[in-house]
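Undergrad: One structure is given below, represented as structure tokens, and several questions about it will come after.
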Amino acid sequence: MNQREKTLLGGIVGLIVLWFAWSGFTSYQAGYDRRERTLVELDEQLFDAGVDARRARQSLRRLEQYQEASLPIDPDVARSVYSAWLIDTIQQSGLELGSVKWASTRRYDNAATGVSFNATASGSPGAVTRLLDAYYRLDVLHQLTNLQLRPADDEGAEWSVTFTTIAMIVDGAIREAGLPEAPREPARLDRPTADAYVDSVVGRNLFASYTPPPPVRTEPTKVVREAPKPKPTPPPFDDAEHASLSGIVGYGAAYEAWVVVRTTGETLRLHNGDALEVGQLKARVQSVSPREMIVEGDDGVLWTVELGEKLREAQKSAGDAT
């Protein structure tokens, strides 16, 4: 074999080696890309599962609040207790009781039962105001579905009142008798007492046409036009508002927290002691556990980020708690 043939054979062997090397690299790259796509999909599924879990916890808390504000679970007991409360409240408000009658009991979507009552009474505007004040301060799931006020005299000093109310019995309620004694928190009404509302109602004839007061003559006011104030500079965009703790991997003391920045597509892999800098947020990771990550802000305040929670929301929750 002469030199030319040896050179040709070496070139062919080199091409074969390059072809096998390129095929191996292409296969490795395809496998790596599939792995990255799988990790991203799992990360999104984990994030969505965390969001669903938080929504479920919020719904459970709302259901517990509704159950605490429910009438007694027995419909007969609920009807008796609520009817007695209506009668007592009407009389204690200073109204003359006409009647309180049960109207109907209705089932709603396998979740609650509504008990309706019709009531009539008469009395002064102040007494009507006290009745409505007591109604809306009671921490019970009830609502006025119809309210009619009619003047009993020409001056509007006496009113005839007719209303329909419906109160709810929530499935799973633990109350067996009576109604909540503590007022609703937070209060439905802005003013602390019924007297504050009575003062603004008594003395008015709500059934008379409005007569505006005569115009008041005043000297013309000299108008001084001031230069418009410059518009405030909008706050800078913060990527930390869209960054969340999407996953935690590892075991023992070697946990690694994954923080996904939705606006940039970046995934931060953090360990104990690592700096955490996202957008306007500057902090340091204190510890990583299987379900959460504890972070120390640049102000020295520690706050906890639960799995699936956004960084800024966790920081704000910690600030509200303190």
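Undergrad: Given the structure, is Ala240 outside any strand (DSSP E or B), crowded, with 16+ Cβ neighbours inside 10 Å and either of a type in the set (Gly, Ala, Ser) or in contact (Cβ under 8 Å) with a residue 60 or more places away in the chain (or both)?
TA: Against the criterion (outside any strand (DSSP E or B), crowded, with 16+ Cβ neighbours inside 10 Å and either of a type in the set (Gly, Ala, Ser) or in contact (Cβ under 8 Å) with a residue 60 or more places away in the chain (or both)), Ala240 qualifies.
Undergrad: Report those strands (runs of 3 or more DSSP E) wholly inside the range 246-317 carrying at least 3 residues which are in contact with a helix residue (DSSP H, G or I) (Cβ under 8 Å, 6 or more places away or on another chain).
TA: Passing ranges, in order: 256-261, 302-306.
Undergrad: Still on this structure, I have one more. From (1) farther than 30 Å from Ala134 by Cα; (2) modelled with pLDDT of 85 or more, pick out the condition that doesn't hold for Gly10.
TA: (2)
Undergrad: Within the range 25-52, restricting attention to residues that are under 37 Å from the mean Cα position of the chain (by Cα) and among the β-branched types (Val, Ile, Thr), which residue is modelled with the lowest pLDDT?
TA: Val51
Undergrad: If Pro215 satisfies every condition in (1) modelled with pLDDT under 90; (2) within 38 Å of the chain's Cα centre (by Cα); (3) more than 29 Å from Asp133 (Cβ to Cβ) but one, which is the exception?
TA: (2)
Undergrad: List the pairs whose first member sits in the range 172-184 and is farther than 12 Å from Ala78 by Cα, whose second member is modelled with pLDDT of 85 or more and assigned to a loop (DSSP other than H, G, I, E, B), and whose Cβ atoms are under 8 Å apart, counting only residues at least 6 apart or on separate chains?
TA: Matching pairs, first to second residue: Ile174/Ile73; Pro180/Asp139; Pro180/Val140; Ala182/Asp139; Pro183/Asp139; Arg184/Asp139.
Undergrad: Among the residues in the range 27-35, are any assigned to a helix (DSSP H, G or I), surrounded by fewer than 17 Cβ atoms within 10 Å (Cβ to Cβ) and in contact with a strand residue (DSSP E or B) (Cβ under 9 Å, 6 or more places away or on another chain)?
TA: The answer is no, given that none of the residues of the range 27-35 is assigned to a helix (DSSP H, G or I), surrounded by fewer than 17 Cβ atoms within 10 Å (Cβ to Cβ) and in contact with a strand residue (DSSP E or B) (Cβ under 9 Å, 6 or more places away or on another chain).
The values are calculated or read from the model by the stated rules, or taken from the named source; none is laboratory data. Because the structure is a prediction, the values reported are computed rather than measured. No Cβ is skipped: glycine too gets one built from the backbone with ideal geometry, and neighbour counts run over all protein chains shown.
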